């Protein structure tokens, strides 16, 4: 069994759904490398460094000391599989919220296995409590003045509210 695993995404912003997958991954692996991907197809609200700080803050809030110490957060420019090859890691964890996620995630998994020989993807089904939550939806609700406080960690809430004020 792999001792280290990658959990990648844009995390713009990190949600309780992301943290649920992270927490469960930490319970299965010795080290979880959270890779903040730079996705040119997505227009992010937060810089890579801001997202890194938010993930570290949220993980600290959510995980116990020993578990938190086993989470490493990195900003990745380029292909996740190149980072994995360089760091000799071959397993990716991905969260699935709904059947609609599966098609995209399957395509990514198959591409990753072509880009990195031996690359395996482990799918974790989102906890039903968070299965509807996405960063995109959080941003939409925030822009429209709705309450999204239950779907994001307390440490992230102020960052989002501040960003909304900057957009006005």
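Some observations on this one:
- Hey, residue 35 more than 20 Å from residue 119 (Cα to Cα) and in contact (Cβ under 8 Å) with a residue 40 or more places away in the chain or not: no
- Criterion: part of a loop (DSSP other than H, G, I, E, B) and touching a helix residue (DSSP H, G or I) at 6+ places or on another chain (Cβ under 9 Å) - qualifying residue of 89, 55: 89
- Of the residues examined, residue 144 is not one that is within 18 Å of the chain's Cα centre (by Cα), farther than 22 Å from residue 24 by Cβ and without any contact (Cβ under 8 Å) to a residue 24 or more places away in the chain.
- Residue 73 being touching a residue at least 12 places away in the same chain (Cβ under 8 Å), surrounded by 13 or more Cβ atoms within 10 Å (Cβ to Cβ) and in contact with a strand residue (DSSP E or B) (Cβ under 9 Å, 6 or more places away or on another chain): yes
- Among residues of segment 4-44, those that are surrounded by fewer than 19 Cβ atoms within 10 Å (Cβ to Cβ), part of a loop (DSSP other than H, G, I, E, B) and modelled with pLDDT of 95 or more, counted: 1
- Index of the failed condition, residue 122 passing every other in (1) in a loop (DSSP other than H, G, I, E, B); (2) closer than 15 Å to residue 21 by Cβ; (3) touching a residue at least 40 places away in the same chain (Cβ under 8 Å): (1)
- Test: residue in segment 58-71 that is within 12 Å of the chain's Cα centre (by Cα), at pLDDT below 95 and not in a helix (DSSP H, G or I): no
- Residues of segment 80-104 that turn out to be surrounded by fewer than 16 Cβ atoms within 10 Å (Cβ to Cβ) and either over 22 Å from residue 31 (Cα atoms) or at pLDDT below 95 (or both), as a count: 6
- Scanning segment 150-162 for residues that are surrounded by fewer than 14 Cβ atoms within 10 Å (Cβ to Cβ) and free of Cβ contacts under 8 Å to residues at least 24 places away in the same chain turns up 158, 161, 162.
The values are calculated or read from the model by the stated rules, or taken from the named source; none is laboratory data. As the structure is a computational prediction, the values presented were derived from the model and not from experiment. Cβ coordinates were reconstructed from backbone atoms using ideal geometry, including for glycine residues, and neighbour counts include every protein chain displayed.
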